[in-house]
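Visitor: Before I ask anything, here is the structure I am working with.
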Amino acid sequence: MNKKNILIVDDTEANIDILVDTLGDDYEVSVAMDGESAIEDVRTNPPDLILLDIMMPGIDGYEVCRRLKSDKKTKNIPIIFITALSQVEDETKGLKLGAVDYVTKPISPSIVKARVENHLELKQAREELERQNHILQENIHLREEIDRISRHDLKTPLNSIISIPRILLQDSCRLAPDQVELLEMIEQSGHIMLNMINLSLDMFKMEKGSYKLNPVPLNILSVIKKIIFDLRSLTDAKAIKFNLLINDLANNIRVASDCDIFGVLGEELLCYSMFANLIKNAVEASPNSETVTIKLLNKIFETEQVEIAIHNKGVVPLSIRDNFFEKYATAEKKGGTGLGTYSAKLMAQTLGGEILMSTSEADGTTITLTLKYAKIDRTAISESAASNQAISTLPQLPPQLRVMVVDDDEYNLLILKKYLNYPELDIELADNGQSALNKFKARDFDLIFMDMEMPVMDGIEAVSLMRRWESEQSNRERNAIVIALSGHDDSNTCQNCLDIGFDAYLSKPVNSRQLRESILQFFKNQNDNQDTNSKQHHKNQVEIDSDLEDLIPSFMIDKKSEIEQIEEIIIKSESPFLTENSYKIIQKLGHKLKGGFNMYGFKEQGSIGSLIEEAAREHDFQTIKNNVDLLKNSLNNIEIRYITID
Amino acid sequence: MENLKKIMVVDDDPAVTTLLKTKLEKTGKFIVVFTNKGKLALELAKTEKPDLIVCDIEMPGMDGGDVARSLMDNQETKDIPILFCSSLVMPSDTKNGMVGKQHMMSKAAKFSDILAKIESMLL
């Protein structure tokens, strides 16, 4: 094995002799007689350790140490100071500069030997750790990359795996019965896989804290009843019965009846998958022919919270009790991924709640969830039930909205057309960007749903050509709303779409609710705006440089989204106390609003942006809120006049 | 084309970079390249070799000061004049477009003033 290199820096020959004698047998020793030549030696031929005298002519030991420690290439070389006994107290200075140790003069060979050996070992151990850490980080990066690929890139091919069996099955009279069955299996597996990808995407967002929660009051009792119904084949096979208990105002616990309501603040889909996971686990863990008890306790008088306990008579194996909610923790269950309880915990936390598990031989296993209470009035329930069933009309819309759907996948077109089957909509289909553009020029459309990746002409090119054509037409009242449909759902792609000229962005696969909501978002709002506008006779005229006319629409979208971001933070907090970080974000957004509006010539809006920035710096919640409202009003109330500025 | 001057704009807000690109190129005197990330400024300046750099001050990550320092520390870019353009300053804060020894303009300044400042710096 190679000998380790040690550099001795000292201007006294007697000391050098002792050190070389002491270390020369075990190490490769080199010598420098002053500070600057030591630094030069280290740069050209870095040693494994340096023994450094302090008092030297020219630059002293401290300065040598400081310079070596401030250079990335040399800062990891351990330095041991050699110091006269009288200077020991000064040694804190050396250690603060980054030296690892010191030895005192007169030099004791055995002490020098021992310390040098120790520090070389330490250095080696640290390097080994760093190396392993580096490998670990690479592995983590690789795993994230694979996760990302599976989340985004698998969705597109999966669409055809799901849709092609359906197309083949339309001709089912020409197929043998077992072929029909096999096709149905393919389709079903595709759906299972899509659900897994979607769940993992949502989980990923929750892990990163970027999941956008839109909690509403919902009746958790009906969610749980639906889960119990959906699990019936599993429960029947094991002969499991359910006992659903609820407490009343006097805190008596009784069996829940059909007309009971139990309000929780949450998202329906999230609550469904969370409880489905937990209840399915409980059924699987329960011994056959036993009862699974679900107890819903309203603790509103104490804590504004509710407690939901799921109990079964099975016992959690000792081996996984401590890491029951951890990622990839599994018992002996065949095919278990260890993500069920982990995702339940993640979802509970995302909903602002908590989850606990207790288990024992005597009492079985209880999972206790604490969630936020929400008041539900009965009329709201019946209304929402009604609106869920009857979404076949869009009453707020103007009659005959002209809609075009653009997608190269025939099956997607059919699905989208089916989803958009409202009497108010006049639907036209196009199978690539070019034919969409032709139809668009021939006939005015109000709304376009556009796929991104298509042959002949893709969505990006199509939308930019549409926007250009629109800007060339002088008699247009307003531009069409164009909504992007894309297989990618990261914020980058989304931002790109908005930059290019899309008004909104939906990630595939879309469902009918999303389509409906995005229609209402644009057309209901526009009606509202028209109403308020007509009431306000006086509008503030702003004179804007006509060179900027083309830039203004996308500029306004940008600025409105910045305002919305501030609003979102304000709404989410619900109280006049924001976190330090939220104030910082608002401050930055205010700064951007100020800069952008000022440069484009919207002086009034620029100064409101400045007030928001200022208020955020001073943590003045009310002023932020007032100015955001002011800014929104002022934007609704301006009329832009384009003027030529020389 | 008779010698167009090349301006490089560094600002994290795409609204600002698009605006400056549109307005400056409209004069027929300039070509504009830009970046919305301070940390890409040095590389861009090295490859594009602009005649002048317009740089925002408050940016996430590398701010205007960091960008300017990296440009001044680099042999290839150290002589390119930099005009800071910030909403931190108001038009009245600058005297002849100077704050101390730095060329600086307010984002609230009239475009014609910013243009005049750029032209005077390129003389």
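The values are calculated or read from the model by the stated rules, or taken from the named source; none is laboratory data. Computed from a predicted model, the values in this text were never measured in an experiment. So basically every Cβ, Gly included, is an ideal-geometry build from the backbone, and we count neighbours across all protein chains shown.
Visitor: Any idea how many residues of region A:552-567 are away from chain B (no Cβ under 14 Å) and in contact (Cβ under 8 Å) with a residue 24 or more places away in the chain?
Guide: Residues that pass the stated criteria total 2.
Visitor: Filter region A:581-639 down to the residues that are β-branched (V, I, T), in contact (Cβ under 8 Å) with a residue 40 or more places away in the chain and buried (at least 21 other Cβ atoms within 10 Å of the Cβ) and list them by number.
Guide: Across region A:581-639, the qualifying residues are A:I612, A:I624, A:V628.
Visitor: Enumerate the pairs (first residue in region A:228-248 and farther than 13 Å from A:T291 by Cα and touching a residue at least 12 places away in the same chain (Cβ under 8 Å); second residue anywhere and surrounded by fewer than 15 Cβ atoms within 10 Å (Cβ to Cβ) and of a type outside the set (F, W, Y)) with beta-carbon separation below 6 Å, excluding pairs fewer than 6 apart on the same chain, so at least 6 apart or on different chains.
Guide: A:N247/A:I253
Visitor: Then there's this: Would you mention how many residues in region B:1-60 are within 14 Å of chain A (Cβ to nearest Cβ) and among the aliphatic types (A, V, I, L, M)?
Guide: Number satisfying all stated conditions: 11.
Visitor: Sort out which residues of region A:521-560 are surrounded by fewer than 16 Cβ atoms within 10 Å (Cβ to Cβ), farther than 18 Å from A:K632 by Cβ and at pLDDT 80 or above, and write them in order of number.
Guide: Across region A:521-560, the qualifying residues are A:Q541, A:E543, A:S546, A:E549, A:D550.
Visitor: Continuing with the same structure: Find the strands (runs of 3 or more DSSP E) located wholly in region A:346-424 whose residues include 1 or more that are over 30 Å from A:E326 (Cα atoms) and at pLDDT 90 or above, and list them.
Guide: By residue number, A:401-406.
Visitor: Would you please name the residue that is modelled with the highest pLDDT, looking only at residues in region A:233-252 that are of a type in the set (S, T, N, Q) and in contact with a strand residue (DSSP E or B) (Cβ under 9 Å, 6 or more places away or on another chain)?
Guide: By that ranking, first place goes to A:N243.
Visitor: Assuming A:I570 fulfils every condition listed in (1) away from every other protein chain (no Cβ under 14 Å); (2) modelled with pLDDT of 85 or more apart from one, which condition is it?
Guide: Looking at each condition in turn, A:I570 falls short on (2).
Visitor: Can you go through B:M121, B:M105 and tell me which one is away from chain A (no Cβ under 13 Å) and touching a residue at least 12 places away in the same chain (Cβ under 8 Å)?
Guide: B:M121
Visitor: Within region A:449-462, can you find the residues that are assigned to a helix (DSSP H, G or I) and under 28 Å from the mean Cα position of the chain (by Cα)?
Guide: Those that are assigned to a helix (DSSP H, G or I) and under 28 Å from the mean Cα position of the chain (by Cα): A:G459, A:I460.
Visitor: Based on this model, can you work out whether A:T44 counts as of a type in the set (S, T, N, Q) and closer than 18 Å to A:I107 by Cα?
Guide: No: the conditions fail for A:T44.
Visitor: Being under 30 Å from A:M196 (Cα atoms) and of a type in the set (K, R) is the filter; apply it to region A:96-152 and report the residue that is surrounded by the most Cβ atoms within 10 Å (Cβ to Cβ).
Guide: A:R151
Visitor: Somewhere in region A:91-99, is a residue within 15 Å of A:L7 (Cβ to Cβ) and assigned to a helix (DSSP H, G or I)?
Guide: Checking region A:91-99: not a single residue is within 15 Å of A:L7 (Cβ to Cβ) and assigned to a helix (DSSP H, G or I).
Visitor: Right, next: Might you let me know whether region B:83-91 holds any residue that is more than 19 Å from A:N598 (Cβ to Cβ) and within 13 Å of chain A (Cβ to nearest Cβ)?
Guide: Checking region B:83-91: not a single residue is more than 19 Å from A:N598 (Cβ to Cβ) and within 13 Å of chain A (Cβ to nearest Cβ).
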